[in-house]
Amino acid sequence: MAPVPVRHVFLQGADKEMRSPNIFWGRRKHVSAFSGLLSLGLVVGSIFLTLFLHISLEHFGGSIWVSITEPLFVQSPLVFILRYLPAVSTGPVLGYAGWVAVQAMLYTVVPGKVVHGPPTPGGHSHAYLINGLLCWFLTLCCFALAGYLGGVSVIASVARDWGALLVVANIYGLITAVLAYVKAHVSPTFGRDRRFSAFMAKQYETFGSISNSMVAVTLFHAIYTIDFFANEDWYLPLTNAAWYLSTIDIALDHFGFCLGWGPAAWLPMIYTCQAQYLALYPTQLPWGIFSILLTAGLAGYILFRLSNYEKQILRGSGSNHFIESRQRVIRAQYATGSGDVHESQLLYSGCWGIVRHPNYVGDIIFSFCTCLTCGWNHILPYIYFIYMTCLLVHRSHRDEKRCSTKYGAYWEEYKRLVPWRMVPGIF
Ligand code: NDP
């Protein structure tokens with residue numbers, strides 16, 4: 001098929017910016033003592049939050065208020081921690097070590113495509129083995145087999161030992177992050193995610209039935225997980241990289257506390273907290289509400305996927321004549337530290353013509369619907385939505401700062417064409 005002409009905007013006179021590029025593209029060169037302390041506070045606070053939320057769910061009926069007032073007014077914080085911090089025994093340690101070993105083995109032996117990330121600010125391109133979907137499917141098969149041979153209680157054991165597993169995951173994640181920092185300093189190369197739910201099994205084991213809210217949450221989690229792995233290897237010829245490798249987590253952020261500790265402890269606790277809540281405090285939604293929630297959640301997901309898809313089409317992976325023929329773009333240039341000048345495209349039609357971060361908006365709607373399945377009794381299950389909103393709003397600022405430094409006048413032109421960041425007329 002003949003290539004589809006794309007309408008675009010060229011900017012004149014932006015080449016001055018190309019000659020003196022800021023190759024850090026949003027990465028800080030100097031970090032103030034205040035920023036350092038703030039980051040340290042976030043690291044320590046995030047670790048405490050994962051454990052605190054578990055304690056709140058297990059011992060205080062899911063009430064954040066009661067679990068905050070207890071250590072402040074009823075007993076001292078130290079007594080609180082010593083009393084409620086989950087005890088770690090050999091079983092969870094071995095179980096977690098086995099999980100990590102099996103995932104490492106799968107990653108190593110399961111075949112997949114090797115793809116490259118987009119150019120880093122220094123002009124390098126990293127190679128990645130993309131076999132996540134197959135590894136995830138094989139992991140699910142192992143759990144299904146274990147459930148078939150050992151019964152529901154084998155699967156529910158993950159949820160029963162969740163507190164101890166969380167402590168082990170925190171330690172593992174911290175060790176990973178520290179090793180990453182050490183490696184980055186001792187042997188830098190120039191300068192990866194997994195998620196699961198055994199809480200439906202625990203709800204069934206405890207109450208003898210599965211609530212419709214648990215079905216909705218599990219469905220949302222399954223959609224998000226499968227979507228992630230299915231789209232992990234979409235190849236984007238223009239950036240010469242797979243989609244996931246072009247996301248900010250991989251293309252910009254260094255591998256450290258966030259990517260080392262996060263997938264080990266933060267994701268399993270925060271992203272599954274609605275399922276954890278429902279396993280202990282089941283909610284049966286009226287079927288009308290259930291249908292509205294499912295529809296709204298799927299609408300959020302469609303916005304998230306469609307906007308990412310539009311960008312993927314633009315950047316060259318797959319073809320969709322209908323979408324391609326209607327796309328309007330700014331042809332932008334940027335330079336890397338090696339001195340090479342590259343061309344990229346900024347889309348200002350479709351979802352990207354309404355707001356500058358439509359994929360974030362879809363993600364936030366989707367996360368809100370996931371939390372709504374837990375009802376309104378407690379704020380705790382909404383931690384995921386609150387976190388996603390803070391993360392993505394903050395990220396939109398961070399990304400725009402990066403794009404502004406990377407694309408200069410081209411980015412200013414995009415902001416002129418699409419003035420709203422996330423909500424038209426408001427923000
Ligand atoms: P984006 O996929 O929006 O990537 C931002 C990059 O896209 C920019 O740096 C720029 O990169 C390019 N870009 C920006 N505007 C345009 C445009 N108009 N046209 C073409 N390219 C543009 O963000 P993320 O990488 O942060 O997130 C990817 C997805 O992952 C999102 O849907 C987000 O919601 C989701 N997400 C989920 C998280 C979770 O934990 N569940 C966490 C974070 C994100 P370039 O340099 O290539 O031009």
FRET E, pair His30, Val109, Förster distance 56 Å, beta-carbon r, rounded to 0.05: 0.80
Contour minus Cα-Cα distance for His394 and Asp340 (0.36 nm per residue): 16.4 nm
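Would you work out if the chain is rounded, prolate or oblate? Take a ≥ b ≥ c from the square roots of the eigenvalues of the alpha-carbon gyration tensor; rounded if a/c is under 1.5, else prolate when a/b is larger than b/c, oblate otherwise. Write down the numbers at each step before the final one.
Numbers: a/c = 1.71, a/b = 1.55, b/c = 1.11.
It is prolate, given that a/c is not under 1.5 and a/b is the larger ratio.
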Per-pair calculated FRET efficiency, R0 = 41 Å: Cys142 and Leu40 via Cβ, rounded to 0.05: 0.60
Ile64 accessible area, assembled protein chains, probe 1.4 Å, Å²: 30
The range 246-356 shape via C-alpha gyration tensor axes, a/c threshold 1.5: oblate
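Shape call for the range 327-391 from the C-alpha gyration tensor, a ≥ b ≥ c root eigenvalues: rounded (a/c under 1.5), prolate (a/b greater than b/c) or oblate?
Values: a/c = 6.24, a/b = 2.37, b/c = 2.64.
Note, shape of the range 327-391 comes out oblate.
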DSSP beta bridge pairing in the chain, given as percent antiparallel to the nearest 5: 80
For the chain, accessible area per residue (1.4 Å probe, heavy atoms of protein chains only), Å²: 50
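Ordering Trp261, Trp65, Trp136 by how much accessible area each has at a 1.4 Å probe, largest first, what is the list? It would help to have the intermediate numbers written out before the result.
Values: Trp261 5, Trp65 180, Trp136 45 Å².
The ordering from most to least exposed comes out as Trp65, Trp136, Trp261.
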Value at 222 nm in deg cm²/dmol, rounded to 500, when DSSP H runs of n ≥ 4 in the chain each add -39,500 (n - 2.57): -19000 deg cm²/dmol
Solvent-accessible area, 1.4 Å probe, carbon plus sulfur percent, for the chain: 69
Cα-based Lys proximity count in the chain, under 20 Å, for pairs eight or more positions apart or on separate chains: 11
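The values are calculated or read from the model by the stated rules, or taken from the named source; none is laboratory data. As the structure is a computational prediction, the values presented were derived from the model and not from experiment. For neighbour counting, all protein chains shown are included, and Cβ atoms are generated from backbone atoms with ideal geometry for every residue, glycine included. Heavy atoms of the whole protein, side chains included, go into the accessibility calculation; ligands, DNA and RNA do not. Shrake-Rupley method; radii C 1.70, N 1.55, O 1.52, S 1.80 Å.
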